[in-house]
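Chemist: To start, I am sharing the structure in question, which I have written as structure tokens.
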Amino acid sequence: MGAARGRGVGGSRAAEAAEVAEVAAEAEAAGAAGMAKSSGENGPRASAARGSLSGTRESLAPGPDAATADELSSLGSDSEANGFAERRIDKFGFIVGSQGAEGALEEVPLEVLRQRESKWLDMLNNWDKWMAKKHKKIRLRCQKGIPPSLRGRAWQYLSGGKVKLQQNPGKFDELDMSPGDPKWLDVIERDLHRQFPFHEMFVSRGGHGQQDLFRVLKAYTLYRPEEGYCQAQAPIAAVLLMHMPAEQAFWCLVQICEKYLPGYYSEKLEAIQLDGEILFSLLQKVSPVAHKHLSQQKIDPLLYMTEWFMCAFARTLPWSSVLRVWDMFFCEGVKIIFRVGLVLLKHALGSPEKLKACQGQYETIERLRSLSPKIMEEAFLVQEVVELSVTERQIEREHLIQLRRWQETRGELQCHSSPRLHGAKAILEAEPGPWPTLQPSPSIRLPPDAPLPGSKGKSKPSKQVQKEQKEQRKQAKASGQPDKPTTTSQAKVVAAAGDACPPQDVPSKDPGHQDPAPQDSAPQDTAHHRSQESLTSQESEDTYL
């Protein structure tokens, strides 16, 4: 989170300690510490030399071994990458021993994993029904963790990215084929190698992972030219690409930027500043000790929460914890990000014993930069997040309070982003999927101009009318007499009952019309009777649907 104007994060401890107060004062005017909007002034090695993206672990914590980093940065072709890839890779795709592979892993028994996969397959194949009637069950299953084999597909359904893709067929290909704005392309290209360089997808310069990342970020600058590109979007897009193809990753990125975190990546970064104040206010209720300490030290929330929120903790937590947080985030929305931030602050600064080693600004910020592995461990963190009672209502209430204070002190917001939607259910209700309405298949065919059975304004024939007609046919067959054609009065009774049978099947009195032979009457009458029964069963199906 270095400096608000691209100042390097490295340097001596004394120099950095002297700058902390200045950084806190500058953060408000600059927008956000270390997450300022990208511009062409950033050099190709900005993450190391000038802290171009505070949302990268390379700029916030002691980096990996220098020799390893040099070896990685020298990779320029897939063949070189293949030689390097002989090193062991963990189940997430990270080189064993690198930053993404750290932390204890919560192993799920294979039998339990298969059961969860089966349950998730059923949910995904009947998604609308589950979202409408069993959303709480989906939330509980997201808290338990989405099976790795279905995580990418589930994220698309939860975020509404799949619906967006279906609503905009060919849009990504159109954006992908467009040349793009040169002022963004240069910055994006320089940021590619900084995104998870220890992951097998992005280990090779110019490899398929970096190519897809460039395509997704370029497409977004064309999709939202008024917003352009923010460096914090790169790690978000990279995480998505680890789980889905480029087109699906693009639409999930759109949903995150527009629905989950609207305004976070705009030029002035006003939304992230507001959320910093919201987080600090909620901290007073969750951990008064931590809130009091940060207030006494006059540490601006932007100095520790900007990277957390803008990158959705992708650059902060161990990878297994990142995935669990994202599972809940896609389901429940930004409140999960707030809860994770509050849990980290509470357990890092929430007791007098822990504050003994944090007597100054520098020590406090260092504590938040290098959090204890225990509080970031998957099982512990998820349990704390689930149990923390911070709701959407509390966040929105606090948002209105902080917005009113902002307007009183700074005037109106310059960025007018869309309202924030809290999770998958809110997004689905706001943007229902383009699913066709279920239409029952008719059991008989009617002429185009014939009224449909059970149409509006008409009721279906009563059971009494159907019973009388059936008795008449039985009597006619028993006496060996041909069925009498329906009289005018009978036709009126049927019509009043709702036109149960097609008009063409009801013969009218015609002086010049001769009744058909008896042997022809019975088959017609039987067919007519079958049609009525079919209509009745079909109407029952309509009622059920």
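Chemist: In region 325-367, how many are part of a loop (DSSP other than H, G, I, E, B) and either of a type in the set (D, E, K, R) or without any contact (Cβ under 8 Å) to a residue 24 or more places away in the chain (or both)? Spell out the reasoning first.
Modeler: Of region 325-367, the ones part of a loop (DSSP other than H, G, I, E, B) are 333-334, 350-351, 356-360.
With the extra rule that they be either of a type in the set (D, E, K, R) or without any contact (Cβ under 8 Å) to a residue 24 or more places away in the chain (or both), the set shrinks to 356-357, 359.
Residues flagged as part of a loop (DSSP other than H, G, I, E, B) and either of a type in the set (D, E, K, R) or without any contact (Cβ under 8 Å) to a residue 24 or more places away in the chain (or both) within region 325-367 amount to 3.
Chemist: For residue 67, are the conditions met, namely being touching a Phe, Trp or Tyr at 6+ places or on another chain (Cβ under 7 Å) and either among the aliphatic types (A, V, I, L, M) or at pLDDT 90 or above (or both)?
Modeler: On the way: touching a Phe, Trp or Tyr at 6+ places or on another chain (Cβ under 7 Å): no; either among the aliphatic types (A, V, I, L, M) or at pLDDT 90 or above (or both): yes.
Judged against the criteria, residue 67 is not a match.
Chemist: In this structure, is residue 273 closer than 23 Å to residue 412 by Cβ, part of a helix (DSSP H, G or I) and touching a Phe, Trp or Tyr at 6+ places or on another chain (Cβ under 9 Å)? It would help to see each step written out before you state the result.
Modeler: Values: closer than 23 Å to residue 412 by Cβ: yes; part of a helix (DSSP H, G or I): yes; touching a Phe, Trp or Tyr at 6+ places or on another chain (Cβ under 9 Å): yes.
Yes, satisfied.
Chemist: From the residues in region 88-105 that are modelled with pLDDT of 60 or more and touching a strand residue (DSSP E or B) at 6+ places or on another chain (Cβ under 9 Å), which one is most open to solvent (accessible area, probe 1.4 Å)?
Modeler: Of region 88-105, the ones modelled with pLDDT of 60 or more are 88-98, 105.
Checking which are touching a strand residue (DSSP E or B) at 6+ places or on another chain (Cβ under 9 Å) leaves us with 88-89, 92-96, 98.
Values: 88: 173, 89: 59, 92: 46, 93: 4, 94: 2, 95: 14, 96: 65, 98: 16 Å².
Looking at residues that are modelled with pLDDT of 60 or more and touching a strand residue (DSSP E or B) at 6+ places or on another chain (Cβ under 9 Å), I get 88.
Chemist: A further question follows. Looking only at residues that are open to solvent by less than 20 Å² (accessible area, probe 1.4 Å) and under 24 Å from the mean Cα position of the chain (by Cα) in region 392-414, which one is nearest to residue 107 (Cα to Cα)? If you could, list the steps in order and put the result at the bottom.
Modeler: Looking only at region 392-414, we keep the residues that are open to solvent by less than 20 Å² (accessible area, probe 1.4 Å), and these are 395, 398, 402.
With under 24 Å from the mean Cα position of the chain (by Cα) added as a condition, the list becomes 395, 398.
Numbers: 395: 34, 398: 38 Å.
Checking each candidate, the answer is 395.
Chemist: Which of the residues spanning region 203-227 are among the polar types (S, T, N, Q) and in contact (Cβ under 8 Å) with a residue 24 or more places away in the chain?
Modeler: Step one: of region 203-227, the residues among the polar types (S, T, N, Q) are 204, 210-211, 221.
Of everything in region 203-227, those that are among the polar types (S, T, N, Q) and in contact (Cβ under 8 Å) with a residue 24 or more places away in the chain turn out to be 204, 221.
Chemist: Right, another one. For the list (1) open to solvent by less than 10 Å² (accessible area, probe 1.4 Å); (2) assigned to a helix (DSSP H, G or I); (3) farther than 24 Å from residue 258 by Cα, I need the number of the one condition that residue 140 fails.
Modeler: The number of the failed condition is (1).
Chemist: Filter region 337-391 down to residues that are farther than 12 Å from residue 293 by Cα and among the hydroxyl-bearing types (Ser, Thr, Tyr) and give me whichever is most open to solvent (accessible area, probe 1.4 Å).
Modeler: Taking the candidates together, the pick is 389.
Chemist: Out of 131, 123, 201, 177, which single residue is open to solvent by 40 Å² or more (accessible area, probe 1.4 Å) and out of contact with any His (no Cβ under 7 Å at 6 or more places or on another chain)? Show your work before the answer.
Modeler: Working: 131 fails: open to solvent by 40 Å² or more (accessible area, probe 1.4 Å); 123 fails: open to solvent by 40 Å² or more (accessible area, probe 1.4 Å); 201 fails: open to solvent by 40 Å² or more (accessible area, probe 1.4 Å).
Just a single option satisfies the conditions, and that option is 177.
Chemist: Name, by its number, the condition in (1) assigned to a helix (DSSP H, G or I); (2) open to solvent by less than 10 Å² (accessible area, probe 1.4 Å) that does not hold for residue 295.
Modeler: With respect to (1) assigned to a helix (DSSP H, G or I); (2) open to solvent by less than 10 Å² (accessible area, probe 1.4 Å), residue 295 is out only on (2).
Chemist: Can you tell me which of 261, 274, 269 is crowded, with 21+ Cβ neighbours inside 10 Å and over 21 Å from the mean Cα position of the chain (by Cα)?
Modeler: 269
For every residue, the table says whether it meets (1) open to solvent by 60 Å² or more (accessible area, probe 1.4 Å); (2) among the aliphatic types (A, V, I, L, M); (3) under 25 Å from residue 315 (Cβ atoms).
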site	(1), (2), (3)
145	no, no, yes
189	yes, no, yes
209	no, no, yes
213	no, yes, yes
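Residues are listed down the side, and each one gets a yes or a no for (1) at pLDDT 95 or above; (2) out of contact with any helix residue (DSSP H, G or I) (no Cβ under 6 Å at 6 or more places or on another chain):
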| position | (1), (2) |
| --- | --- |
| 326 | yes, yes |
| 343 | yes, no |
| 373 | no, yes |
| 386 | yes, no |
| 393 | no, yes |
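Chemist: Another one. Here is a list of conditions, (1) among the polar types (S, T, N, Q); (2) open to solvent by less than 10 Å² (accessible area, probe 1.4 Å); (3) not in a helix (DSSP H, G or I), and residue 306 meets all of them except one; can you say which number that is?
Modeler: (3)
Chemist: Please verify whether region 155-171 includes one or more residues that are assigned to a helix (DSSP H, G or I), open to solvent by less than 40 Å² (accessible area, probe 1.4 Å), over 19 Å from residue 216 (Cα atoms) and not hydroxyl-bearing (Ser, Thr, Tyr). Step through it out loud before you land on a result.
Modeler: Narrowing region 155-171 to residues assigned to a helix (DSSP H, G or I): 155-159, 161-167, 171.
Okay, now just the ones that are also open to solvent by less than 40 Å² (accessible area, probe 1.4 Å), so 155-156, 158-159, 161, 163-164.
Those left that are additionally over 19 Å from residue 216 (Cα atoms): 158.
Next cut, not hydroxyl-bearing (Ser, Thr, Tyr) only: 158.
Checking region 155-171: at least one residue is assigned to a helix (DSSP H, G or I), open to solvent by less than 40 Å² (accessible area, probe 1.4 Å), over 19 Å from residue 216 (Cα atoms) and not hydroxyl-bearing (Ser, Thr, Tyr).
Chemist: Only one residue in 204, 149 is of a type outside the set (Phe, Trp, Tyr) and part of a loop (DSSP other than H, G, I, E, B), so which one is that? If you could, list the steps in order and put the result at the bottom.
Modeler: Details: 149 fails: part of a loop (DSSP other than H, G, I, E, B).
Only one candidate passes the filter, namely 204.
The values are calculated or read from the model by the stated rules, or taken from the named source; none is laboratory data. Quick caveat: nothing in here was measured; it's all calculated off a predicted structure. So basically every Cβ, Gly included, is an ideal-geometry build from the backbone, and we count neighbours across all protein chains shown. For the accessible areas, the whole protein counts, side chains as well, though only heavy atoms, and no ligand, DNA or RNA atoms are used. Shrake-Rupley method; radii C 1.70, N 1.55, O 1.52, S 1.80 Å.
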